[in-house]
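Read through the structure below, which is laid out as structure tokens, and then see the notes.
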């Protein structure tokens, strides 16, 4: 006798937060880049819960953003 299993077909939307670092010495349009990131998230059908940006001379090689900004993002996600 075969066992019948029910599977949900409900699509669960994945959530995301967007993070960008605006480098002072950079020659690209940061606002345009963040808009593109938003568009990519929309295309991937992600539920964007927040967006953080930070201006720095260079990205932090360990955390990408500064430690204070990282703590701010972590606090938001854990809430």
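Some notes on this structure:
- Annotation: the antiparallel percentage among DSSP beta bridges lying fully within the chain is about 10.
- Cα-based Kirkwood hydrodynamic radius, the chain, one decimal, Å: 15.1
- Fewest-first ranking of 3, 56, using other Cβ atoms within 10 Å as the exposure measure: 3, 56
- Result for the chain in a Gaussian network model with C-alpha springs under 10 Å: among 68, 50, 20, the largest mean-square fluctuation is at 68.
- Relative contact order, percent, the chain [alpha-carbon distance under 8 Å, six or more residues apart]: 37
- Helix 30-43 axis, angle to the chain major axis (alpha carbon atoms, nearest 10°): 0
- 222 nm mean residue ellipticity, helices alone, for the chain (DSSP H n ≥ 4; -39,500 (n - 2.57); rounded to 500): -10500 deg cm²/dmol
Quick note: the coordinates plus some simple rules give every number you see, no bench work behind them. What you see is a predicted model, and the numbers here were worked out from it, not measured in a lab. Positions of Cβ are backbone-derived with ideal geometry, glycine not excepted, and every protein chain shown enters the neighbour counts.
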